1. How large is ³J(HN,Hα), in whole Hz, for each residue of segment 33-38 in order, when computed from phi with the Karplus curve 6.51 cos²θ - 1.76 cosθ + 1.60 and θ = phi - 60°, using x for Gly and Pro?
2. Under 5 Å between amide hydrogens, which residues at least 5 positions from Gly76 or on another chain qualify, with H placed 1.01 Å from N in the peptide plane?
3. Sequence gap at least 6, Cα distance under 8 Å: using those rules, report the relative contact order of segment 1-143 to the nearest whole percent.
4. Just the number please: accessible area per residue for segment 1-154, 1.4 Å probe, all protein chains included, in Å².
5. Along its principal axes, what span do the Cα atoms of segment 1-141 show, with the longest given first and each in whole Å?
6. Comparing Ala44, Ala156, Ala166, which has the greatest mean-square fluctuation in the GNM of the chain with Cα pairs linked when under 10 Å apart?
7. From the phi of every residue in segment 137-152, what ³J(HN,Hα) in whole Hz does the Karplus formula 6.51 cos²θ - 1.76 cosθ + 1.60 yield, where θ is phi - 60° and glycine or proline is x?
8. Which of rounded, prolate or oblate describes segment 62-120 when judged by the alpha-carbon gyration tensor and an a/c cut-off of 1.5?
Amino acid sequence: MSLGQRLAAEFIGTLWLVLGGCGAAVLDAAFPGLGIGFAGVALAFGLTVLTMAYAVGHVSGGHFNPAVTVGLWAGGRFPGRDIVPYMLAQVLGGIAGAGILYGIATGHAGFDLAGGFASNGYGEHSPGHYTLMACAVTEVAMTFGFLFVILGSTHAKAPAGFAPIAIGLCLTLIHLISIPVTNTSVNPARSLGPALFAAMSPGGSWAVQQVWLFWVAPIFGAGLAGAVYRWIGGANTAAG
């Protein structure tokens with residue numbers, strides 16, 4: 001596939017992840033009497049990755065996440081020359097997904113961006129008011145686990161065709177663990193898109209001010225996982 005085709009797949013896949021996952025949080029989670037809660041939001045994020053991995057994973061590798069791209073590079077599965085183009089496509093996809101969600105959400109008379117628009121945060125902006133350190137550890141550990149599963153399930157010796165299921169279920173589990181802590185990022189593009197729109201509300205600038213953590217921690221965790229799995233799992237020729 002050409003680079004342009006792969007970037008388009010990453011754009012669409014990341015858009016779908018943000019629209020589906022954050023959309024479940026913004027539109028469904030607190031719906032009176034019928035809210036899906038944390039478990040529903042966690043499942044929504046997992047389903048976005050599972051479905052798009054099957055749809056375009058064969059085109060681009062199905063990263064949909066700058067941290068995944070870095071982790072696959074660290075694991076020897078992805079060429080360094082394509083990291084920046086992939087990241088740009090993912091960030092633009094995340095912003096586009098948040099933009100579509102914003103267009104839908106503002107169609108409701110009672111909608112208010114002051115709720116955070118599914119942004120990630122720490123301290124007083126953590127759902128459970130967890131400290132910066134706790135949130136940093138959570139994001140590093142969760143992203144490490146996510147990349148470990150990705151690298152293992154896509155290994156040349158792993159059962160073929162099942163990787164999207166393992167990856168989607170892993171992301172669901174990650175959200176079940178960490179929504180109360182950070183609202184779950186493990187994906188810088190997922191964090192940046194909603195934060196830009198949350199910042200449009202009075203007092204919403206915190207979302208952009210805190211987004212640095214949700215770039216640094218996931219990328220660090222992913223890079224560490226890539227290096228560790230490369231040592232544990234050995235050589236691999238499967239596409240990332």
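1. Result, rounded to whole Hz: x, 10, x, 8, x, 4.
2. none
3. Relative contact order for segment 1-143 comes out at 30 percent.
4. 42 Å²
5. Result, largest extent first: 46, 36, 22 Å.
6. Maximum among the listed residues: Ala156.
7. After applying 6.51 cos²θ - 1.76 cosθ + 1.60, I find 4, 4, 5, 5, 5, 5, 5, 4, x, 4, 5, 4, 5, 4, 5, x Hz.
8. prolate
The values are calculated or read from the model by the stated rules, or taken from the named source; none is laboratory data. Bear in mind that the values here come from a model prediction, so they are computed numbers and not experimental data. Surface accessibility is based on the protein's heavy atoms, side chains included, excluding ligands, DNA and RNA. Shrake-Rupley method; radii C 1.70, N 1.55, O 1.52, S 1.80 Å.
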